[in-house]
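Student: What follows is a structure written as structure tokens; I'll ask about it next.
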Amino acid sequence: MINHNRPSLGQEEIDAAAAVIRSNYLVSSEQIERFENEFCDYLGLDHGSAVVTSTGTSALFLALLALDAKSKKVAFPSYVCSALRNAVALASGNEVLLDIEKNGPNIDIEALNKSKPDIAIIPHLYGQPVTLDKIDKDILIIEDCCQSIGGTYKSKSLGTIGDIGIFSFYATKLLTSGGQGGMVVSKDKSKIAKIKDYLDFDGRVEQANRFGFPMTEMQAAIGRVQLKKLNGFLSRRKEIFHEYESAGLNMMKSVPGSIYYRSVMYSENPVSVIEKLKQNDIKAIVPIEDWEILGKKEDFPNALRMSKNTVSLPCYPSLTDAELEKIIKVLR
Ligand SMILES: *Cc1c(COP(=O)(O)O)cnc(C)c1O
């Protein structure tokens with residue numbers, strides 16, 4: 001079976017995890033600090049501009065908290081995973097769901113500006129950077145980079161342009177810290193300090209509501225190894241996408257600065273394409289199904305159309321040339 005997605009872990013990750021177990025330092029120590037600093041280096045931020053979390057969802061919750069989101073209007077697209085809606089429900093309670101643009105997977109910026117939210121969560125979906133310059137300047141921006149680590153907008157790293165950036169290190173994301181994990185970054189170090197204060201709940205003299213969403217040392221050690229491999233991962237993904245494209249498949253166009261988290265193909269009939277691939281032991285999926293659209297799907301015609309004519313093809317670093325050839329042969 002050729003899976004739709006697969007983590008890419010090897011001996012280096014095994015060694016890094018084992019070294020942590022041998023060290024007996026399991027929480028809040030050197031590996032986490034190094035992971036945060038190396039992540040800052042990768043994005044071109046000063047040290048101290050990042051904090052690890054348990055998941056991408058908790059990173060988003062904490063980002064909202066750092067922007068004092070309680071009761072504030074928070075806008076985000078309906079065509080995205082439910083993590084966004086859940087984090088907004090917890091941290092703000094005042095959601096504004098919006099459609100996506102006509103010819104791409106990202107938020108409709110005109111509709112966003114018109115809705116006049118206090119905060120916007122902007123996913124760079126499938127690795128495609130949003131045109132951030134077009135967003136009204138008085139809207140606070142959380143860049144959701146769970147699918148776009150390593151992407152750029154006007155030569156700047158995604159996640160460093162808005163007020164806050166969030167990342168996920170789930171098993172099948174661009175890099176994994178061993179199954180789950182996340183990160184919040186901000187050029188404004190006071191926001192990171194605020195989040196660190198919130199996370200550090202134990203034994204505090206100054207009483208306040210706080211909550212832990214921790215990453216372990218072992219996770220950070222695995223994440224560090226994966227971060228070193230990230231550029232190699234990204235170039236293999238790009239290669240795979242271009243193979244699909246040059247085979248004449250109707251792929252979703254990428255924009256400058258994109259990375260290739262998904263290889264999305266347009267099709268009039270995704271169900272039959274997926275079935276045909278399945279008969280050949282290849283797993284493809286509809287990246288976001290119509291029933292996954294947040295809110296009432298009829299209110300979001302572009303999202304609905306996208307959900308009905310897209311197929312996500314296998315695209316991950318450990319996909320072999322032979323597997324790729326087979327997928328292309330079946331699709332042709
Ligand atoms: C995966 C993902 C999340 C949530 O990350 P978790 O680590 O699974 O909590 C949020 N936003 C987007 C765009 C994602 O792809």
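The values are calculated or read from the model by the stated rules, or taken from the named source; none is laboratory data. Computed from a prediction, not measured in an experiment: that's the story for all the values here. Cβ atoms come from the backbone with ideal geometry, glycine included; neighbour counts cover every protein chain shown. Protein only, heavy atoms only, side chains kept; ligands, DNA and RNA dropped before computing areas. Shrake-Rupley method; radii C 1.70, N 1.55, O 1.52, S 1.80 Å.
Student: What ranking, highest mean first, results for peptides 223-229, 194-200 when packing means the other Cβ atoms within 10 Å averaged over each residue?
Tutor: Going from most to least packed, we get 223-229, 194-200.
Student: State whether the chain is rounded, prolate or oblate according to the following rule on the C-alpha gyration tensor (a ≥ b ≥ c being the square roots of its eigenvalues): a/c under 1.5 gives rounded; otherwise a/b larger than b/c gives prolate, and the remaining case gives oblate.
Tutor: Note, shape of the chain comes out oblate.
Student: Using the Karplus curve 6.51 cos²θ - 1.76 cosθ + 1.60 with θ = phi - 60°, what ³J(HN,Hα) values do you get for each residue of segment 266-271, in whole Hz, with x for Gly and Pro?
Tutor: 7, 8, 5, 9, x, 4
Student: Whose amide H sits under 5 Å from the amide H of GLY179, counting only residues 5 or more places off or on another chain, with H placed in the peptide plane?
Tutor: Here ALA171 satisfy the definition.
Student: Which whole-Hz ³J(HN,Hα) couplings does segment 72-84 yield from phi under the Karplus relation 6.51 cos²θ - 1.76 cosθ + 1.60, θ = phi - 60°, glycine and proline marked x?
Tutor: Computed from phi, the couplings for segment 72-84 are 6, 6, 10, 9, 7, x, 6, 9, 5, 6, 5, 3, 5 Hz.
Student: At a 1.4 Å probe radius, carbon and sulfur cover how many percent of the accessible area of segment 230-331?
Tutor: C and S fraction of accessible area: 51 percent.
Student: Would you mind putting 44-52, 246-254 in packing order, based on average other-beta-carbon counts within 10 Å, highest first?
Tutor: Most protected by this proxy first, the peptides run 44-52, 246-254.
Student: What is the packing order of peptides 54-60, 33-39, taking the mean over residues of other C-beta atoms within 10 Å and listing the highest first?
Tutor: Result, highest mean Cβ count within 10 Å first: 54-60, 33-39.
Student: Cross-link list LYS156/LYS238; LYS73/LYS102; LYS102/LYS137; LYS194/LYS253; LYS189/LYS297; LYS173/LYS276: which exceed 30 angstrom alpha carbon to alpha carbon?
Tutor: Going by Cα-Cα distance, LYS194/LYS253; LYS189/LYS297 fall outside the 30 Å limit.
Student: Go through GLY162, CYS40, SER254 and say which Cα lies farthest out towards the positive end of the charge dipole of the chain; charges sit on Cβ, +1 for Lys and Arg, -1 for Asp and Glu.
Tutor: Checked the options; the winner is SER254.
Student: Hey, another quick one. With each pseudo-label sitting 7 Å past Cα toward Cβ, what's the GLU325-ALA208 distance in nm, one decimal?
Tutor: For the pair GLU325/ALA208, the computed spacing is 6.0 nm.
Student: A follow-up question, please. Could you give me the ³J(HN,Hα) list for segment 280-288, computed from phi with Karplus coefficients 6.51, -1.76, 1.60 and θ = phi - 60°, whole Hz, x at Gly and Pro?
Tutor: Result, ordered by residue: 9, 6, 10, 9, 10, 9, 7, x, 9 Hz.
Student: Let me ask another. With every protein chain present, what is the per residue accessible area of the chain (1.4 Å probe, Å²)?
Tutor: 46 Å²
Student: At a threshold of 8 angstrom on Cα-Cα distance, excluding pairs fewer than six apart, so keeping six or more, what relative contact order does segment 230-331 reach in percent?
Tutor: In percent, rounded to a whole number, it is 34.
Student: What is the ratio of the Cα radius of gyration of segment 230-331 to 2.2 N^0.38 Å, where N is its residue count, to two decimals?
Tutor: 1.11
Student: If I compute solvent accessible area with a 1.4 Å probe over the protein chains, what percent of it on segment 1-129 is carbon and sulfur?
Tutor: The computed percentage sits at 50.
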